[in-house]
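What follows draws every value from the coordinates through simple rules; no lab data is involved. These numbers were taken from a predicted model, which means no experiment stands behind them. Neighbour counts run over all protein chains shown; Cβ positions are idealised from the backbone, glycine included.
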Amino acid sequence: MPPDRVRARRLQIADQIRAARIRVRYTQEVTAIRAGLSLDSYNRIEQGHAAPRIDTLIRIADAIGVPLEDLVRERPHPRDGAGPPGPPAPGSP
């Protein structure tokens, strides 16, 4: 089982894939077909249950028509507010 940080990033990437797909108004099935994936495989990626290889992420980005970086850019996570640790607040120990 991957560390919590890795699982959190996988969920964030899944959310970003889903958001990009919805923006272009594609169904999961259309996106899977365009990316050359089975619907089950694509669904597992979008749900954060599978860890896709970089080649697969590139195919998904191409299928949706967005740069790969749009799918993997690190942002504060909408599910739990987790993000990369920032600098300590002024005056904190």
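Remark: spin-label model distance Arg34-Arg53 equals 2.3 nm, labels positioned 7 Å along the Cα→Cβ axis. Modelled this way, with points 7 Å down the Cα-to-C-beta line, the labels at Arg73 and Thr27 are 3.0 nm from one another. Each peptide among 42-51, 20-29 gets the average number of other Cβ atoms lying within 10 Å of its residues, and from highest to lowest they stand as 42-51, 20-29.
Packing here is the average count of other Cβ atoms within 10 Å per residue, and on that basis the peptides 64-73, 5-14, highest first, run 5-14, 64-73.
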